[in-house]
Each structure stands twice: as structure tokens, then as C-alpha cells.
Amino acid sequence: MNLQRSYILLALLYSALILIGILALILGGGSFIALIQVAVGIVAVIGLWGYILGKGFLNPRIWQPLAGALAAGVLLQLLVIFAGSPSGEELTWLLSSTIFSALLVAILYRYGDRDQELWATPEEIEGGRKLGELLNREDELVVEKQEADRQASVRVVKSGDTYRASVTRRHGEQEERFEEAFNQPSTLAFFLEKFTCITVDDITRQYERPAAG
């Protein structure tokens, strides 16, 4: 059995557990806490399927906080199990929720990493392709741009499989400098257009080769 098939079976198992939980709530079993656990579980399973299928579901910014919340929930539920006196029904919910959550923490945290092509738009993927081609030809890309009262300069280099962008931004009298590294060129394209006034088109226009005469 390969890893992908194992993940699919895991997702099917978790989906079945969610359906069982929903059925139990409909039939009158479980508490208000169980309702919250099922709701969180539904979102977590959506993330699990997204990770397996390589698709970006919902917003990438929710998944790592959700993974952190699940980790905190695991610790809290273990504390209740060992230090409290839950009833048999509550113990069943707590144990199933703890096992359910613990296995998802690492997967959802990784899924929420924005530096993956699955979160990129078609425009960002195309922009990343252009930047990648330029960096295969040039040692570095350096661009400056003035736009109204904003000014930005960017230096982009490729080191191994990592793309590094050094940015200087000026707004009036204020200046800030920062550097970021990315594994995917599409994420680099997203970063430049979101955090500077420089676009991929600005870079490609500056470095495009003149047509042969």
C-alpha cells in the first residue's frame, strides 16, 4: 500500500467518524461540547481531503491556527480524562476526539503552509514561471519603482531550490527593509505583488531581451 492510498483510507475513516458523530447528535447523543467537536472535525476533514488531493480549500491562513487549536484541545482533553471524572459517554467522546485531533495536527499545519503551488492562482503560477525562467538566465533580478508617494526596490536571487527576495520600501519619510525566502516561484510572485508596488510584468519588461534584428 503506497502513502497516497494510506492517506485516502485515513480520510475515509475520518469522514465516516464525522458522519457517525452527526448521526449521534441527530439521535440526541452528545453534549454541546460534542457539537463543537463535530463542527471542528468537519472543517478539519475538509483540510485533510485538500491535503490529499493537492487542492486549496477555504483560506490557507486558517489551517495552521486550526492545527494549533487542535493541539491545545488534545492537551486539554487529556487533562480532563486523567484529572477529571468524565462519565462513560463523555469519556467516549473525549477519547475519540483526542485520537481524531492528534493525527490531524501535523497534516493541517503542513497543509496551511502558503508556500505551496496548491494555494497559487493561475496568474501567480504564470508569474512564477516567468520569474523562474529569468533567474535561470540571470544571477539576480534588481528592480526599483516609484509609484505616487511610494517607492520600492527588490533584489531577487535563486540559491539552489530557494528563491530569496530582499525588499526596501519607502513611504514618505518611512523606510523598511526585509527579506523572505520561498520554495515556490509562484509564492515569490504573490509576495512581490502583495507587499511591494513592483509587479512581475515590471521585472520581465526590464529584463526582456530585445528581438533579434
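With an 8 Å cut-off on Cα pairs and a minimum separation of 6 or more residues, tell me the relative contact order of the chain in percent.
It comes to 16 percent, rounded to a whole number.
Across every pair of different alpha-carbon atoms, what Kirkwood hydrodynamic radius in Å does region 119-207 reach?
Averaging 1/r across every pair of different Cα atoms and inverting gives 13.0 Å.
For the chain, list the DSSP H helices whose alpha carbon atoms reach 20 Å or more along the long axis and whose average Kyte-Doolittle value is 1.0 or above?
Helices meeting the criterion: 3-26, 32-53, 60-83.
With each run of n ≥ 4 DSSP H residues scored as -39500 (n - 2.57), what mean residue ellipticity at 222 nm is computed for the chain after dividing by its residue count and rounding to the nearest 500 deg cm²/dmol?
-20500 deg cm²/dmol
Listing Ser31, Ser15 from the residue with the fewest other Cβ atoms within 10 Å to the one with the most, what is the order?
Ser31, Ser15
Defining a contact as two alpha carbons under 8 Å apart and six or more residues distant in sequence, what relative contact order in percent does region 119-207 show?
That works out to 31 percent.
Taking the beta-carbon count within 10 Å as an exposure proxy, list Leu135, Leu91 from fewest neighbours to most.
Leu91, Leu135
Mind sorting Ser101, Ser6, Ser186 by how few other Cβ atoms lie within 10 Å of their own Cβ, fewest first?
Ser6, Ser101, Ser186
So how strong a dipole does region 33-129 carry about its Cα centre when Lys and Arg Cβ are +1 and Asp and Glu Cβ are -1, to the nearest 20 debye?
That gives a dipole near 80 debye.
Only Lys, Arg, Asp and Glu count, each charged at its Cβ (+1, +1, -1, -1), so figure out the dipole size of the chain about its Cα centre, rounded to 20 debye.
440
Tell me, how many Å apart are the Cα centres for region 1-58 and for region 94-141?
22
Values quoted throughout were computed directly from the atomic coordinates according to the rules given, and no laboratory measurement underlies them. Predicted model only: the values in this text are computed from it and were never measured. For neighbour counting, all protein chains shown are included, and Cβ atoms are generated from backbone atoms with ideal geometry for every residue, glycine included.
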